[in-house]
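Just so you know, all these numbers are worked out from the coordinates, no wet-lab data involved. Here the structure is a predicted model, which is why all the values come from computation and not from measurement. Quick reminder, even Gly has a Cβ in these numbers, built from the backbone with ideal geometry, and neighbours come from all protein chains shown.
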Amino acid sequence: MTPQSNLTRHDRALRDAIVIAAVVSSVTTSPPLLVLSLHSSPVQSPHSGCPNSILLAGLLLTPRRCWWLVILAVLPAHFASELYSGVPTRMVLSWFVSNVAQALFAAFFICRSVKDRLRFDRFRDLTIFILFGAFLAPFLSSFLDASLVKLNGWGTSEYWDVWRVRFLSNVLATLTLVPVVMLWTSGRVTALRKALPRRYVEAFLLTMCLWLFR
């Protein structure tokens, strides 16, 4: 492969990363998420686990060397949405740290364990996604998030109540949103037309659980 072709691939990857970063930023501050933030419990990050899941999907779609672009793009959106909800600046920064930590942990270990792009029609990929993305990352980052909430004196809930709410909301958001984004960008969303009725019921129940535990 010639140096020119390598440069072309690098330019294309950078261009795609910029586009993904812009999309992630715009979706994070979309009206539905802003409305959800106004109804979220003060013990957890606004929008439940939606921003974390969107950020994780953006990182999984971007080369590792361009992750910093996606994270920087999320920062102003993060401030705009949470300050709009009346959250103090220190708490906004704390939530940004815990949100990015969760997404980075999940994306790093998923990309390290999956040879190419994550696919949900491969049992190994699905297992890796559930283990690192939907369980371990929310599980570990919830300790950090709950500690930051108590450190900033935000809300009156107990530590383990904060941990439980954040963990459940992020697990449900990851299971609900990330597969949809990954399938949509890979063009496999058309397979939904051939899905069995019980799959639609499953999707509906997951969505309802996401709202109930927000």
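Sort TRP68, TRP95 so the one with the fewest other Cβ atoms within 10 Å of its own Cβ comes first. The partial results should precede the final answer.
Values: TRP68 12, TRP95 24.
Lowest to highest Cβ neighbour count: TRP68, TRP95.
With K and R counted +1 and D and E -1, the other residues having a Cβ less than 13 Å from that of SER147 yield a net charge of 0. A full extension of the chain between PHE139 and VAL19 corresponds to an added length of 40.2 nm, given 0.36 nm per residue minus the alpha carbon distance. Here each label is just a point 7 Å from Cα along the line to Cβ, and for LEU131 and LEU205 those points are 2.6 nm apart. Applying 1/(1 + (r/R0)^6) with R0 = 35 Å to the Cβ-Cβ distance of ARG198 and ASN152 gives a FRET efficiency near 0.20.
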